[in-house]
Amino acid sequence: MRNVSNDESLSLKLFVILSRAVQSITKRIEEDIKSYRLNPTEFAVLELLYSKGDQPIKNWRQNIICK
């Protein structure tokens, strides 16, 4: 088994910390969206309309579904 350098060890620890932070933030966002009785797709449509204004439905796919 190979020895892990100090830099690799720190990188791994940072990766774990950032992964946990992302999971925590994602969970809070999902809970907030659910509190408005929306699903993630509905929220994405509202966010698209808010940020880009009126959009034809045919543009939704490239702006939401394909992200």
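The values are calculated or read from the model by the stated rules, or taken from the named source; none is laboratory data. The model shown is predicted, which means the values in this text are computed figures rather than measured ones. Cβ sites come from the backbone with ideal geometry, for glycine too, and all protein chains shown count toward neighbours.
Structure summary
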item: Pairs with Cβ under 9 Å, 6+ apart, first in the range 21-39 and assigned by TED's automatic domain parsing to the domain that holds residue 64 and basic (Lys, Arg), second in a helix (DSSP H, G or I) and surrounded by fewer than 10 Cβ atoms within 10 Å (Cβ to Cβ); result: none
item: Members of the range 43-60 found to be surrounded by 10 or more Cβ atoms within 10 Å (Cβ to Cβ) and modelled with pLDDT under 85, listed by number; result: 59, 60
item: Residues (surrounded by 10 or more Cβ atoms within 10 Å (Cβ to Cβ) and among the small types (Gly, Ala, Ser)) located in the range 1-42; result: 9, 11, 19, 21, 24
item: Count - residues of the range 37-60 that are part of a helix (DSSP H, G or I) and closer than 23 Å to residue 26 by Cβ; result: 13
item: Filter result (among the hydroxyl-bearing types (Ser, Thr, Tyr) and modelled with pLDDT under 95) within the range 27-42; result: 41
